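**Student:** Please read through the structure below; I'll follow up with questions.
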Amino acid sequence: LLAIYTLAIIKSAAIRGASDIPADERSVVGYEMVSMPISNLLQFLYPLFYSVHDLMQSKAGTVGESGLVVRPGVLPLSVERMDTRGAYLLDNGRVLVLWLGKMLPQEFMRDAFGVDAHVSQVDVNQLSIETSRSELATRLRRLVESMRSGKAVYQTLYILRQGDPNEVSILVYCH
């Protein structure tokens, strides 16, 4: 585990030598890393990674017997796990990132976002999860809300499409 966390620290916005990170953001992330509790820091360095395109094939996103939202199984954080026909949710404890593969079925877009178009034809900055349009949207929204609950800071949900310039913000975590 030491090797994974060392690599994650090197790839973090606080230390990474990329010119795409403003000095202010680098400072904020560095300060947050130093002041976070260890459990939050570990999640920040090695985020939780979930497959959400297959929510309807499991109980994920439903309320379980304990009264808590059932989460999908955590996937290893690897580019090899990211299918172009899939949608994945990354939770680093600070932000949530919903990554949409470029071959994601149009049905997912319609059910989750209420947009009857292919993922390549929409402006992902304008997307938001539908309130209760479909069972998929309800489960996805419930899952996001459960990840946000109990956190000291509200986690913004960013939606990214495969191939977009901002995709590096999720790929930097992948090992």
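The values are calculated or read from the model by the stated rules, or taken from the named source; none is laboratory data. Remember, it's a predicted structure, so these values are computed and weren't measured experimentally. We place every Cβ from the backbone using ideal geometry, glycine too, and count neighbours over all the protein chains shown. Accessible surface areas use protein heavy atoms only, side chains included; no ligands, DNA or RNA. Shrake-Rupley method; radii C 1.70, N 1.55, O 1.52, S 1.80 Å.
**Student:** Within the set of pairs 6+ apart or on separate chains, which have a first residue in the range 70-81 that is surrounded by 13 or more Cβ atoms within 10 Å (Cβ to Cβ), a second that is at pLDDT below 85, and C-beta atoms under 6 Å apart?
**Tutor:** Leu75/Arg81; Leu77/Tyr173; Leu77/Cys174
**Student:** Continuing with the same structure: Please find, among Arg141, Arg85, Arg148, the residue that is under 14 Å from the mean Cα position of the chain (by Cα), closer than 29 Å to Tyr46 by Cβ and open to solvent by 60 Å² or more (accessible area, probe 1.4 Å).
**Tutor:** The match here is Arg141.
**Student:** What are the pairs, 6+ residues apart or on separate chains, where a residue within the range 156-175 that is of a type in the set (Asp, Glu) has its Cβ under 7 Å from a residue that is at pLDDT below 65 and open to solvent by 40 Å² or more (accessible area, probe 1.4 Å)?
**Tutor:** Nothing qualifies.
**Student:** Follow-up question, since we're still on this one. Restricting the range 151-161 to residues that are farther than 23 Å from Val119 by Cβ and out of contact with any helix residue (DSSP H, G or I) (no Cβ under 7 Å at 6 or more places or on another chain), which is surrounded by the fewest Cβ atoms within 10 Å (Cβ to Cβ)?
**Tutor:** Per the criteria, the residue is Ala152.
Residue-by-condition table, conditions (1) in contact with a Leu (Cβ under 7 Å, 6 or more places away or on another chain); (2) modelled with pLDDT of 90 or more:
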{"residue": "Met82", "(1), (2)": "no, no"}
{"residue": "Val122", "(1), (2)": "no, yes"}
{"residue": "Gly150", "(1), (2)": "no, no"}
{"residue": "Arg161", "(1), (2)": "yes, yes"}
{"residue": "Pro165", "(1), (2)": "no, no"}
{"residue": "Tyr173", "(1), (2)": "yes, no"}
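**Student:** Can you tell me which residues in the range 19-29 are under 19 Å from Glu167 (Cβ atoms) and in contact (Cβ under 8 Å) with a residue 12 or more places away in the chain?
**Tutor:** Matches in the range 19-29: Asp20, Glu25, Val29.
**Student:** Can you name the number of the only condition in (1) hydrophobic (A, V, I, L, M, F, W, C); (2) within 20 Å of Asp91 (Cβ to Cβ); (3) outside any loop (DSSP other than H, G, I, E, B) that Ala3 fails?
**Tutor:** That leaves (2) as the condition not met.
**Student:** Note down all Cβ pairs under 8 Å where the first residue falls in the range 94-122 and is closer than 21 Å to Glu145 by Cα and open to solvent by 30 Å² or more (accessible area, probe 1.4 Å), the second is aromatic (Phe, Trp, Tyr) and at pLDDT 90 or above, and they're at least six residues apart or on different chains.
**Tutor:** So the pair list comes out as Val95/Tyr158.
Residue-wise test of (1) closer than 30 Å to Met33 by Cα; (2) in contact with a Lys or Arg (Cβ under 6 Å, 6 or more places away or on another chain); (3) among the small types (Gly, Ala, Ser).
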| residue | (1), (2), (3) |
| --- | --- |
| Tyr50 | yes, no, no |
| Ser58 | no, no, yes |
| Arg71 | yes, no, no |
| Leu75 | yes, yes, no |
| Ser78 | yes, no, yes |
| Asp83 | no, no, no |
| Leu90 | yes, no, no |
| Gly93 | yes, no, yes |
| Leu96 | yes, no, no |
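**Student:** Ala8 versus (1) at pLDDT below 85; (2) of a type in the set (A, V, I, L, M); (3) not in a helix (DSSP H, G or I): which is the lone unmet condition?
**Tutor:** (3)
**Student:** Further question on the same structure: In the range 32-69, which residue that is farther than 16 Å from Leu98 by Cβ and of a type in the set (D, E, K, R) is most open to solvent (accessible area, probe 1.4 Å)?
**Tutor:** Selected residue: Glu65.
**Student:** For the range 141-166, give me the residue count where each residue is under 30 Å from Gly67 (Cβ atoms) and in contact with a strand residue (DSSP E or B) (Cβ under 8 Å, 6 or more places away or on another chain).
**Tutor:** The number of residues fulfilling the criteria is 12.
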